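Presented below is the structure to which this report refers.
No lab work stands behind these numbers, since they all come straight from the coordinates. Predicted model, so just to flag it, every value in this text is computed and none were measured. Every residue, glycine as well, gets a Cβ built from its backbone with ideal geometry; the counts of neighbours run over all protein chains shown.
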Amino acid sequence: MLQYVVRRLVYGLITLLALSIITFTLLQNTGGDPLDRLKANPRITQQTIQEMAEFYGLDQPATKQYLTWAGNFVQFWNYPTAWGRSFQGPQQVQELVINRLGGTARLMFTALGLAVMIGIPLGIYQAIRQYSFFDQATTTFSFVTFSTPIFVLGIGLQIILALKLEQWTGVKFFYTSGMNSTSFSDLSFGARIGDTLQHLVLPAVSIALISIAGYSRYQRASMLEVLHSDYLRTAKAKGLSRRSVIVKHALRNALIPVITLVSLDVAGVLGGAVITESIFAWPGMGRLYIQAIAINDWPIVMAVVMLIGFMVVVMNLLADLAYGWLDPRVRYD
Amino acid sequence: MTDRPSGNEPPVYSALDEAEGLSVEPVTQWKLFKTRFVRHRLAMLAAVVLGIILLLVLFADLLPLQSPTEQLSDENGRIVNLLSPRGEYWFGTDELGQDVMARVVYGGRTSLTVAVLTGLMVATFGTLVGSIAGYYGGWVDTLLMRFTDLILSLPLLPVAIVAAAWLREAFEGREALSLSILLGTLLWGTLARIVRAEFLSLREKEFVEAARAAGARDRRIIFRHILPNALSPIIVNATLVIGIAIILEAALSFLGFGVRPPEPAWGQMAANGGRLAVGGSGAWWLVLFPSFALIITVLSVNFLGDGLRDALDPTQTIERK
Amino acid sequence: MSEPLLQVTNLRTFFSTEEGIVRAVDGLSFTIHEGERFGVVGESGSGKSVTALSVMRLIEPPAGEIVTGEILFKGEDLLRLRDDDMRKVRGGQIAMIFQDPMTALNPVYTIGNQLIETIVLHQGVGKSEAHEIALEALDDVHIPNPKVRMGDYPHQLSGGMRQRVMIAMGLSCNPDLLIADEPTTALDVTTQAQILDLMLELTEERNTAVMLITHDLGVVAGFCDNIQVMYAGRLVERGTTGFIFDETLHPYTAGLLGSMTRLDEVREERLYSIRGAPPSLIDPANGCRFRVRCDFAQAVCETDTPLPRELGEGHWAACHFASDLDLVRVKGVPVR
């Protein structure tokens, strides 16, 4: 078992390595001289520019630059200078990204939480009431949602639930930009929670809807398979109560495959966050990422990509372990 | 073991044969009927819709449409920007005076071209990798699958964005093709896995042994004998990949890394429209029509894929019961 | 003769499908007595499994429904019982074991867990006592090292062992009737014999009645007191094992026997097989359902449905010509 974990960690490392090389190579060949922007900014001193050029080894060939960057990057405990400075201004990349990480994390976990809490029970219920009106209606809705690009959902929600709703009722239900209102610090505790939620709902729901569609569909199929299984028939033949049959015998088997799905979805949720943050002007890593790519501020891009990659690797590993723990048929060899 | 006779009453077939009143609800039977019937119909409808979209897009030049990039003006020479839908401009005009309907149709060209090319690439490359890995097994399999797993473990959108940014510079002007290659490179992994699984099970079947005994070489066995049997999951998956590709391309265009203006693309139009619509000018038609086009297209592709799966994949018994 | 343990009258179980209503069991009646070993034999689709599931009331609406009939168990009509009461009967008084032990046991729980579950439910004892009873049950089915095996998962046991566990589970609450649906079909021949011997030993010991469902006449020959042959949802022939094998009345039964291989026979010709295929059970035609495949069919077989008639003591057959045919097996082929 330990051997398995070690092996997976090694694979994870290789993945991250490959990710960094691919991204770095792509970025190197894009855009012009990264320092141009800095040189054009009157507030950056010549000395800072010089320091940065040295730090990144900008006069050296690409491979060397990569190694320099990688060497600095892995020593992340050298906060805040380990990841260098941004090419947009003198901020330290590590500081910038970590600050924004909070915003993305909030969005991501809310969306995942919503998706799991709604999507999975939905799938279960659809299976139990197969072919009922509820089942058919919600399945269709899921299907449509799944076929809708996330930015359409985001903009649509913005227009309908924020703009139009406010127009019709005169009350501002949801905000369409930012994490908090500017007057946040002046608000009382209760009002702060309300304000946070009002900002959080639309972007989180945009992301969650697509995951809900996926989870419920998968869970429904899994549950149906279990409901028609032989061992469920045995359970009924033993005279067990309906509750016991479903909760004890069916659910455990039905939930196992969905765990894998949820962990694989983390990558998708992060991708969704990247887009959603742009739409809702959310102060997260995703938005930072897009802005940085547009002007080839590669230290930031590298940092964000590595963080995302790291999160995905960890989640995958956790999912595998959880699967092995839940399903006794799985053996690690 | 003792011989004990058993007895019973004779059944009354005749009486019951006459009875019409079966207590099995006709409603029940109807429900089962209706669901499968409707789904079949939906798949066919989806195919028809897709066909129409394809025709519109392929023959856009022949249709009585405005140019998608021309800034139109009225009799007085004023640019007719931000007009809501009306008789002359069914989908309205955007902030540059371009006809939205024309842009939607031509934008469809890009989206569908990219999507179909991606689908073909994924099908080809994924099948190649999967079949070789599944057929030969051993270290070939391990090597290929590690590679596939690596590609699959890369976070999709972030990498796609970086790659798209690079492609835009490197291949300016040939965006559709380069996007297809990009998406094709990122998406073949799942299909490769599926094909490999199929090959792993199919290669054990007797017809393979028979072919080998008849002297067939490996390549022949793979392509002439095993592959035709593995075709249905390939078709189903490729169809679904096309749907994913449309959404991805739209997302990339939305973020500004896909097709650049003035060339139209659905995602790009939605981005533009979103900014304007939410920003207060209320030009809802700028968002609605490209979004609608996206949804309808992807929905049809997904329905079709679903229908194909039902029709082609006999091992899926879940929804049948 | 005591009161029958199980008395089924006019059972009709139908299923709604896209193509129509399948009349899986269409007017079946039979009786099982205490301690009796009753075999139900037939091809796939003959309705034998559906009969068992109907007795257990495991037919799932909305697709399937017991349309009419009476199932008296110890005098009470099971079809009229409330759900709660029926659940007490299931597993406690009538136990059922199934064909494929690989899929019939829940893969994510230990066999100990699944055994204890039944015992706690039906015998009203606490977990630790149930644990002891479970160990005894495993011992009864001759599973070595029961203490260790209790913590095993189904996939860790062989097919034969799994079926023993199923039997242990079935008999753990001392039911009056054990229904076994093709319990040996998924096992190899040697294990088959072992399992049958085990079932014989245990049910005789406890005087448990057994309803053994199978398509294999060889299985019932050594095990059952009475045999019921079914075809297309109806009764074809019923009688003691001796009657069925040596004084066959129905052409179908004779065909089945003829297609059986026997070690003690010298065979010079091809094995007999009944021509044709089982009929569709949707909108079945009038008359005898076997006539299309029957070597002795006449015009009347098409117009009149043959009802089961008692032609010997406890020997029933549903054929217009049952008493006229002298079905002797000569080289495996039924001959007039």
Given a Förster distance of 22 Å, the FRET efficiency implied by the Cβ-Cβ spacing of A:LEU35 and A:ASN78, rounded to the nearest 0.05, works out to 0.45
Inter-chain shielding metric for B:161-173, i.e. average beta-carbon neighbours from other chains within 10 angstrom, reads 5
By the mean-Cβ-within-10 Å protection proxy, highest first, B:95-105, A:246-256, B:44-54 rank as B:95-105, A:246-256, B:44-54
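First measure r as the distance between the Cβ atoms of C:ASN207 and A:LEU251, then evaluate 1/(1 + (r/R0)^6) with R0 = 45 Å and state the FRET efficiency to the nearest 0.05.
Efficiency for this residue pair is about 0.70.
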Flagged as over-length at 20 Å C-alpha distance, from C:LYS48/C:LYS88; A:LYS238/C:LYS88; A:LYS236/C:LYS88; A:LYS238/C:LYS127; A:LYS39/A:LYS64, the pairs are C:LYS48/C:LYS88; A:LYS39/A:LYS64
Region A:212-235 and region C:91-114 have their Cα centres apart by a whole-number Å value of 19
Quick calc: nm separation of the 7 Å Cα→Cβ label points for B:LEU63 and A:ILE118 -> 3.4
Output ordering of C:55-65, C:111-121 (per-residue mean of other Cβ within 10 Å, highest first) is C:111-121, C:55-65
CD proxy, 222 nm, the protein assembly as shown: helix-only mean residue ellipticity via -39,500 (n - 2.57) per DSSP H run with n ≥ 4, per residue, nearest 500, stands at -18000 deg cm²/dmol
Mean separation of Cα contacts under 8 Å (at least 6 apart) over the residue count of region A:118-248, i.e. the relative contact order in percent, is 40
For A:GLY178, the net charge from surrounding residues (Cβ-Cβ under 15 Å; K, R +1; D, E -1) works out to +3
Per residue of A:238-245, other chain Cβ atoms within 10 Å number on average 6
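Give the shape of the protein assembly as shown as rounded, prolate or oblate, defined through the alpha-carbon gyration tensor: a ≥ b ≥ c are the square roots of its eigenvalues, a/c under 1.5 means rounded, and otherwise the shape is prolate if a/b is larger than b/c and oblate if not.
Prolate, because a/c is 1.5 or more and a/b exceeds b/c.
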Partner shielding of C:139-152, taken as the mean number of other chain Cβ atoms within 10 Å, equals 0
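Among the complete DSSP H segments of chain C, which ones combine at least 15 Å of alpha-carbon extent along their axis with a mean Kyte-Doolittle hydropathy of -1.0 or more?
Numbers: long enough: C:111-123 (18 Å, 0.54); C:127-140 (19 Å, -0.56); C:159-171 (18 Å, 0.48); C:189-206 (26 Å, 0.00).
Sorted by number, the helices that extend far enough and score high enough are C:111-123, C:127-140, C:159-171, C:189-206.
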For A:ILE21, placing the label point 7 angstrom along Cα-to-beta-carbon and taking region B:146-176, residues whose amide nitrogen sits under 17 Å are B:146-155
Each label sits 7 Å from Cα toward the beta-carbon; between B:LEU54 and B:ARG220 the label points are separated, in nm, by 3.4
Residue span A:TYR4 to A:LEU67: 0.36 nm per residue of separation minus Cα-Cα distance leaves a gain in nm of 19.7 nm
With label points set 7 Å from each Cα along the Cα-to-Cβ direction at A:TYR323 and B:ILE296, the distance between them in nm comes to 4.0
In this structure, the FRET efficiency calculated for B:GLU204 and C:ASP139 from their beta-carbon separation, with R0 = 30 Å, to the nearest 0.05, is 0.15
Expected unfolding gain across C:SER259-C:VAL292 under the 0.36 nm per residue rule, minus the alpha-carbon gap, is 10.1 nm
Length-normalised contact order of chain C, Cα under 8 Å, at least 6 apart, in percent, tallies to 20
